[in-house]
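Presented below is the structure to which this report refers.
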Amino acid sequence: MSDDAISLGAVGWARWMWRQLTSMRTALFLLLLLAIAAIPGAALPQRSIDPGAVAVFIADQGSVGRAMDAVGLFEVYRSPWFSAIYLLLFVSLIGCIVPRVRVYAGSLRRPPAATPKYLTRLPISGQGESESSPEAVLDGAEAALKKAGYRTVRSGDSVAGEKGYLREAGNLTFHCALVGVLVSVAVSHQYGYSGQALVPVGDTFTHSAGTYDVFRPGAAVNSEKLPPFAVTLKSFDVAFEENAGGAQLGQPRDFDADVDVTDASGAKSTQKLRVNEPVSVDGADVFLAGNGYAPRVTIKDAQDKVTYSGTVPFIAQDGMYTSSGVIKVPDHTATQLGIQAVFLPTAVQGKDSLVSVFPDARMPELVIAAYTGDLGLDRGVPQSVFRLDMRRLEPVLEFDEEHGKDLPFRARMRPGASAQLPDNLGTVTFDGFTRYAALSVRHDPGKLPALVFGVLLVAGLIGSLLVRRRRVWFRATPSASGAIVECAALSDSTDPHLADHLAMLSQAAVPQPVAATPEGVPHG
Amino acid sequence: MVNEQLAGLSNLAVYSTMVVFFLSFLSFSADAAAGGSARKEPEEQPVMAGGIAIKGASTPTNTANVDDVDAPRRRFRGIGFALAALGTALLAAAVVMRGLSVMRVPWGNMYEFALTTALILAALFVGATLRPKWAGLPAHHDLRWVGTLVTGIVLVILGPAVLLWYTEAAQLVPALQEKVWLAIHVFIAITSSAIFALGFAVTVAQLLQARAEGRGKAMSFLPASSMLDTAAHRLHAISFPLWTFTVIAGAIWAQKAWGRYWNWDPKEVGSFIVFVVYAAYLHAHATGGWRKKAPWIAVAGFAMLVANFTVVNQLFSGLHSYAGIG
């Protein structure tokens with residue numbers, strides 16, 4: 001290390017670091033790093049999108065999976081390293097645009113750059129002679145430049161023109177808008193909330209933090225004071241592809257819900273709720289995020305006493321709506337009962353098992369297995385309503401004649417049918433089914449600013465990339481026959497037509513040329 | 001609902017397109033492979049404008065004898081271009097019939113997306129050859145040297161489209177039944193992708209030519225690498241704002257369909273990466289010490305674009321999964 005470096009001192013070092021950070025090289029490096037760092041978020045399952053897939057992935061990978069989890073590979077966009085990259089990039093960006101805004105503001109007030117001394121040394125330049133006086137040539141040049149949208153300034157024997165100020169303005173707008181988008185996202189994050197609720201047809205969702213299945217409030221949201229609106233799912237219609245074959249068969253074609261909305265003031269209205277057509281109420285938007293089947297099941301003990309009766313939303317596992325769900329019956333006889341069930345809307349006997357071949361309910365069947373023991377509901381740990389905690393549950397067995405031994409109990413039921421549970425455990429009745437809608441509710445105060453900045457982003461970019469900043473100069477000095485004319489043009493971007501442009505301006509500027517020599521270059 | 005006959009005709013037109021483009025590709029390759037005498041760049045003749053001689057400007061007299069190279073090569077180039085124009089017309093018919101068969105815009109799944117991208121790319125190529133000025137090329141250059149690359153890319157798009165991504169003509173899933181944003185978001189994505197592909201073709205030509213120039217043996221059938229650099233930069237400067245608009249239009253649609261403008265869904269991440277890499281290209285191109293590396297960043301950007309369409313759609317599941325097969 002040289003003496004110079006040591007003598008920089010703390011302030012000097014800070015300045016050096018700042019200059020490094022705001023240099024284009026660092027910005028480029030951070031940009032490429034950001035691109036690379038974002039890749040695992042697309043390639044690996046992410047908690048924010050599919051927590052289930054993450055759990056499965058970690059379980060499959062063992063210790064490697066846990067190590068990947070520890071470094072945040074399943075929550076890439078909230079990980080410290082990803083945040084560090086984009087925050088550094090934005091600091092670098094701000095450090096770059098602040099001085100540029102100052103320079104730009106100055107350049108707007110300054111007249112176009114003075115005419116260089118040796119115009120013909122510039123790569124795009126020309127010279128010739130005119131019969132007009134120098135004054136007339138410069139007048140013509142100034143008029144031609146003005147007509148082409150240039151800001152001009154006359155000084156002595158020359159005129160200078162400059163245009164394309166929107167280029168830098170667009171560039172700065174683009175970069176400032178990027179910062180604006182980031183701030184908007186932060187606002188959404190802090191002051192917004194979102195949640196999901198599964199609502200069977202006929203049911204009402206009353207808006208509060210407690211009635212959601214999943215609720216994610218921003219840090220600055222008071223969950224106690226959510227607007228108390230209510231949404232009743234009156235009807236829900238579906239349509240699936242029946243005609244086209246291949247992968248198209250069974251694809252959803254239409255989801256259409258009618259809802260009654262009661263806002264916080266008590267005003268009631270009936271509205272359509274469809275995909276792409278959310279319903280707005282009290283500053284929140286209600287979206288139709290998904291749907292599925294909700295079988296109605298009644299469970300009785302051996303004494304015919306009803307121990308459970310209800311409509312249970314099942315989660316679709318595939319495109320054919322093979323749906324799974326569980327029923328937990330804590331007060332069933334002496335033991336607790338857990339039912340694991342699969343609902344098949346159009347059940348067909350496959351090679352090994354029953355499969356659903358169409359998502360609409362053409363031949364619905366419910367397949368159940370039963371478990372007894374401890375459901376684990378009293379342990380104080382919140383439990384998923386879609387999964388049985390198997391740790392203290394035993395499968396209910398049944399003697400199988402074909403295999404000659406006890407096998408786990410299974411029963412298949414059509415709507416209206418009942419199944420007798422073994423071991424005098426009672427009956428399960430499949431009363432029927434309905435559909436449910438997965439409602440996603442979101443309040444997002446950052447979305448409007450994000451949209452505004454997004455529009456500015458594109459507008460700025462268009463200006464920055466498609467507007468050309470050009471400078472043109474004409475100089476005319478007296479000669480025997482009139483005036484010797486020199487001109488030149490400069491552009492700060494790739495500009496293949498600059499020479500043609502200068503030729504066009506010259507044509508307009510010099511009305512009475514001296515007859516040109518065949519070589520085209522008159523001698524000045 | 002679905003006009004099967006039109007859909008069938010559309011398929012036939014696609015097959016014919018592929019044959020025609022393959023022949024076009026062969027012709028352009030023959031043109032490129034023939035090598036032969038160096039094509040004469042027009043001499044740097046000052047142009048008279050208002051009695052002033054301007055260095056570097058072009059006039060009709062400068063362009064007259066540009067294609068005055070040896071006859072057989074010119075013939076191959078001409079045949080290649082005529083075939084490319086025919087193929088483009090056939091492909092346009094295929095895309096229009098596909099759209100009419102389902103009475104919606106013909107870009108509702110991967111197959112249709114690929115078909116339309118190939119069409120826009122081919123149309124841009126034909127258009128840029130007929131009107132070089134639009135592509136930022138001086139009038140005395142034509143795009144026929146990119147012919148090999150463009151027809152190659154069109155075939156590389158159509159091949160997997162027909163073999164892997166073919167989907168029967170049908171209506172769309174509810175999330176895609178948003179006519180305005182489907183028309184805007186996806187069409188701009190297609191246009192932008194096509195221009196990126198053209199930019200990629202020119203960038204590859206630029207890299208090859210720069211290497212040849214480094215060895216002192218510039219390839220005669222290509223313009224100078226500096227000129228290719230200008231053309232490539234211009235193409236990217238057009239497609240980058242379009243891509244940015246694609247991402248923002250996608251965010252607006254996502255807000256409407258899924259309730260959130262940014263979900264870090266794999267497709268969104270992929271598009272974001274494409275945006276970042278091409279942003280790096282544009283910055284590198286404007287930065288002294290990086291200008292030589294810039295074309296490589298553009299190549300990486302195109303690789304990301306392709307991965308975003310193929311790998312992301314087919315291997316990673318996310319909210320855009322319906323954009324895959326089906």
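The values are calculated or read from the model by the stated rules, or taken from the named source; none is laboratory data. None of the values given here were measured: they were computed from a predicted structure. No Cβ is skipped: glycine too gets one built from the backbone with ideal geometry, and neighbour counts run over all protein chains shown.
Structure data summary
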{"item": "Selection within the range A:221-273 - crowded, with 19+ Cβ neighbours inside 10 Å and within 15 Å of A:Val201 (Cβ to Cβ)", "result": "A:Val231, A:Leu233, A:Phe236, A:Phe255, A:Ala257, A:Val259, A:Leu273"}
{"item": "Residue match in the range A:185-196 (condition: over 30 Å from B:Ile248 (Cβ atoms) and among the β-branched types (Val, Ile, Thr))", "result": "no"}
{"item": "Members of the range B:119-144 that are at pLDDT below 60 and over 18 Å from B:His233 (Cβ atoms)", "result": "B:Ala139, B:His140"}
{"item": "Residue match in the range A:446-467 (condition: within 14 Å of another protein chain (Cβ to nearest Cβ), under 30 Å from B:Trp258 (Cβ atoms) and part of a strand (DSSP E or B))", "result": "no"}
{"item": "Some residue of the range A:307-330 being more than 14 Å from every other protein chain (Cβ to nearest Cβ), among the charged types (D, E, K, R) and in contact with a strand residue (DSSP E or B) (Cβ under 7 Å, 6 or more places away or on another chain)", "result": "yes"}
{"item": "Any chance A:Gly218 is buried (at least 20 other Cβ atoms within 10 Å of the Cβ) and within 25 Å of the chain's Cα centre (by Cα)", "result": "no"}
{"item": "Strands (runs of 3 or more DSSP E) wholly inside the range A:303-411 that include at least 1 residues being over 30 Å from A:Gly246 (Cα atoms) and not acidic (Asp, Glu)", "result": "A:306-311, A:323-329, A:336-344, A:365-373, A:393-395, A:397-400, A:405-408"}
{"item": "Test: residue in the range A:123-139 that is touching a residue at least 60 places away in the same chain (Cβ under 8 Å), surrounded by fewer than 17 Cβ atoms within 10 Å (Cβ to Cβ), away from every other protein chain (no Cβ under 13 Å) and within 17 Å of A:His501 (Cβ to Cβ)", "result": "no"}
{"item": "Any hit, the range B:274-285, residues being under 21 Å from A:Ala35 (Cα atoms), outside any helix (DSSP H, G or I) and more than 19 Å from the chain's Cα centre (by Cα)", "result": "no"}
{"item": "Some residue of the range B:239-246 being more than 7 Å from every other protein chain (Cβ to nearest Cβ), outside any helix (DSSP H, G or I) and farther than 30 Å from A:Asp444 by Cα", "result": "no"}
{"item": "Given (1) more than 14 Å from every other protein chain (Cβ to nearest Cβ); (2) in a strand (DSSP E or B), number of the condition A:Ala264 does not satisfy", "result": "(2)"}
{"item": "Hey, A:Ala438 within 12 Å of chain B (Cβ to nearest Cβ), touching a Leu at 6+ places or on another chain (Cβ under 9 Å) and surrounded by fewer than 21 Cβ atoms within 10 Å (Cβ to Cβ) or not", "result": "yes"}
{"item": "Residue in the range B:280-296 that is within 8 Å of chain A (Cβ to nearest Cβ), within 28 Å of A:Phe74 (Cβ to Cβ), crowded, with 20+ Cβ neighbours inside 10 Å and at pLDDT 90 or above present", "result": "yes"}
{"item": "Filtered residues of the range B:1-15 (kept if away from every other protein chain (no Cβ under 14 Å) and surrounded by fewer than 16 Cβ atoms within 10 Å (Cβ to Cβ))", "result": "B:Gln5, B:Leu12, B:Tyr15"}
{"item": "Some residue of the range A:244-253 being modelled with pLDDT of 90 or more and within 14 Å of chain B (Cβ to nearest Cβ)", "result": "no"}
{"item": "Options A:Gly65, A:Gly12, A:Gly72; residue that is more than 9 Å from chain B (Cβ to nearest Cβ), more than 16 Å from B:Asp265 (Cα to Cα) and not in a helix (DSSP H, G or I)", "result": "A:Gly72"}
